[in-house]
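Down below is the structure, laid out as structure tokens.
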Amino acid sequence: MCGIFAYYGEKKNAPELVIEGLKNLEYRGYDSWGIAYKTPTEIIIHKEIGKIGDIKTKDLELGESGVAMAHSRWATHGGVTKANAHPHFSENKEIVLIHNGIFENYSEVKKDLIKKGHKFVSQTDTEVLAHLIEQHTRKHSFEDSVKLAVKEIEGRYAIVVMKKDEDKIIAARKGSPLIIGVGKTHGEYFIASDIPAFLKHTNKVIYLDDNQICVIENRKINFYDNATNEEIKKRIIEIDLDIESSEKGEFEHFMMKEIMEQKETLNRAINQDPKTIEQVAKAIESAEDTYFVGCGTAGKAAMVGAYLFAKISKKQIRFVFGSEFQNYKEFINKKTLIVCVSQSGETADTLEAIEIAKEKGAKVAAIVNVESSTIARTADMVIPIKAGPEIGVASTKATTSQLAILTMLAYACDGGVEIAKQLLIRTASQINDMLNPRYAEHIKKIANKLKDIESMYIIGRGANFPMALECAIKLQEVSYIHAEGFAGGELKHGPLALITKNTPVIALVANDDCRKEILSNAQEVKARGGYIIGVSPTNEEVFDFWIRVPDTGETSPIVNIIPVQILAYQLAVLRQNDPDKPRNLAKSVTVK
Ligand code: G6P
């Protein structure tokens, strides 16, 4: 989703530097971009629709400056136009602003500003904020005006603002990530929505928390609590992220690199202190009610988790999508536990579920990849999945690591964390054998056959039903083929009407209690002319095409998703889509 990157320091190539940094945030997903920088006499803005990746900074004729800001926009209020792209000027063009999040009450504020004579050139909520700050500067200092304006925002935000004639850059956040990078030279700072933007320059960071404001001026940085206006001290943290882990290496796309990394990432998820897992398992056991919460792919992993608990630890867990959690708020109390699953740790809907849970006094545990994220910092207990930076928008390695942790958690509730560990170590080693170029070539044969189809379906039962939903997401995200997942038993209640000659249906067939039933469902499809692609440890008569997976018992959801990740990737490449940056989608969804 939208990306923020700003620079303040002695380097005179700040405009170029922020453009290069913004390129490292491309994976978040966006549709337009823009920069602003200060010269001694004015603020210059440059905006474009489309991708920044191919832009050569020398073609932009950028001036020299030591202060600049850049933004990649994922449209929410107003279409994808140059006028709607950030940065946005205030009425008098003295204040310039970039913004992530949503200013929910912007239309009332806009009406009021229009009455006061303000004219707007875009349809965005962001432009309203730039004008609102300017309105306050008529009576207050620039710094106080920003502080006053953000108090009026309902919703989540991360902003960076600067003003002509002031050697100052101000940043504020509530609910949307903003991180300060502390540069190597005195008084040099970076402000970004995500660390990869400045990782090349520094690994020393300061996390801005909600309702905090950061003011950089005269080569100094100060932080304030926006509720009390008191100055606060913040800690500099050295992070241990290397640039290489966020680069493609020998691979053409991050998605394939990350699929292949699953041999190692699973082991990293498994080999962590069992006490971290046991602590959350204990909390589940003592809670009156436990909810697993997540969105998108992380939501599907959480849903698998509920099945694993029913089967392995015989415990009932409710699964709820983050965006639906508010409907359950009447049932949340001090005895409730919510376990959030999230790759980025910044998903707005999941964060909102946490806010609701905390208001009701419930405890919160988080299974996250980004350990410095808001969700990780807000939760009472955290299990890191340790998958390393996931850059491809379509989640792959984070998913299997989330599933591994959920499997360990289910076994831990039954006192068997060590049994889970051994099972997962075996699974990781079988995945290691499976993930080779020959396997990918075999799947490519089916990708070639499917590349021009319009629709396909995926069926599964038990824990492989949510995996069928996840397979559909993978195919939708990168191949743009209409794909839907169903519980095998539900076929006869509607979806069977969609099956005609050669309709492709992927059947996830694990060697478990559901095996016979899912094979019967595959027969029902075949009898109506469907073309069955079986993902299974054994070849079956009903399959038209067989993709072999190892027989790993309770970890079948982990091994079953991998060939479909590869299939989705290959379909994307064959259909000339960019698998790393699917249209209209974002990696970190920071709006509700
Ligand atoms: C977006 C991403 C998905 C992800 C979902 C939830 O849709 O593209 O890959 O599953 O958000 O994100 P989270 O970071 O909470 O896992």
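Of note:
- Long hydrophobic helices in the chain, taken as whole DSSP H segments with a C-alpha length of 24 Å or more on their own axis and mean Kyte-Doolittle hydropathy at least 1.0: 556-574.
- At 1.306 mPa s and 10 °C, Stokes D of region 3-244 from Kirkwood alpha-carbon radius, µm² per second: 90
- Calculated P(r) tail over 29 Å for region 249-435, as whole % of Cα pairs: 17
- For I52, net neighbour charge (Lys/Arg +1, Asp/Glu -1) across residues whose Cβ lies under 10 Å away: -2
- Computed over the alpha-carbon pairs of region 1-100, the distance histogram in 10 Å steps reads 17, 53, 28, 2 percent, short to long.
- Candidate aspartates and glutamates for bridging to K257, where Cα separation is under 19 Å - those fewer than 8 sequence places away on the same chain excluded: E26, D242, E244, E247, E390, D433, E441, E477, D578, D580
- Amide H partners (placed H, <5 Å) of G155, local residues excluded: E104
- When +1 charges are put on Lys and Arg Cβ atoms and -1 charges on Asp and Glu Cβ atoms, the dipole computed for region 436-582 relative to its Cα centre reaches about 420 debye.
- Per residue, the Cα convex hull of region 1-45 amounts to 67 Å³.
- Percent RCO, i.e. relative contact order, over region 1-59, from Cα pairs under 8 Å lying at least 6 residues apart: 31
- Gyration tensor over the Cα atoms of region 476-587: the corresponding equivalent ellipsoid has semi-axes (square roots of 5 times the eigenvalues, largest first) of 24, 18, 13 Å.
- The chain - Debye-derived log10 I(q)/I(0), Cα point model, q = 0.06, 0.08, 0.09 Å⁻¹: -0.33, -0.58, -0.72
- Taking chymotrypsin sites (Phe, Trp or Tyr not before Pro) in DSSP loop states with no more than 15 other Cβ atoms inside 10 Å as exposed sites, the chain has its longest site-free stretch at 1-250.
- Other residues with beta-carbon under 10 Å from the beta-carbon of N271 carry, at +1 per Lys or Arg and -1 per Asp or Glu, a net charge of +2.
- Remark: the D578-K56 segment gains 185.9 nm on full extension, using 0.36 nm per residue and subtracting the alpha carbon distance.
- For region 323-369, the spread of Cα positions along the three principal axes, ordered from largest to smallest, is 28, 18, 12 Å.
- Links that overshoot a 22 Å alpha carbon limit, given the list K12/K200; K93/K234; K23/K300: K93/K234; K23/K300
No value in this document is a laboratory result; all are computed from the given coordinates. Everything quoted here is computed from the prediction, not taken from an experiment. With ideal geometry, Cβ positions are generated from the backbone for all residues, glycine too; neighbour counts draw on all protein chains shown.
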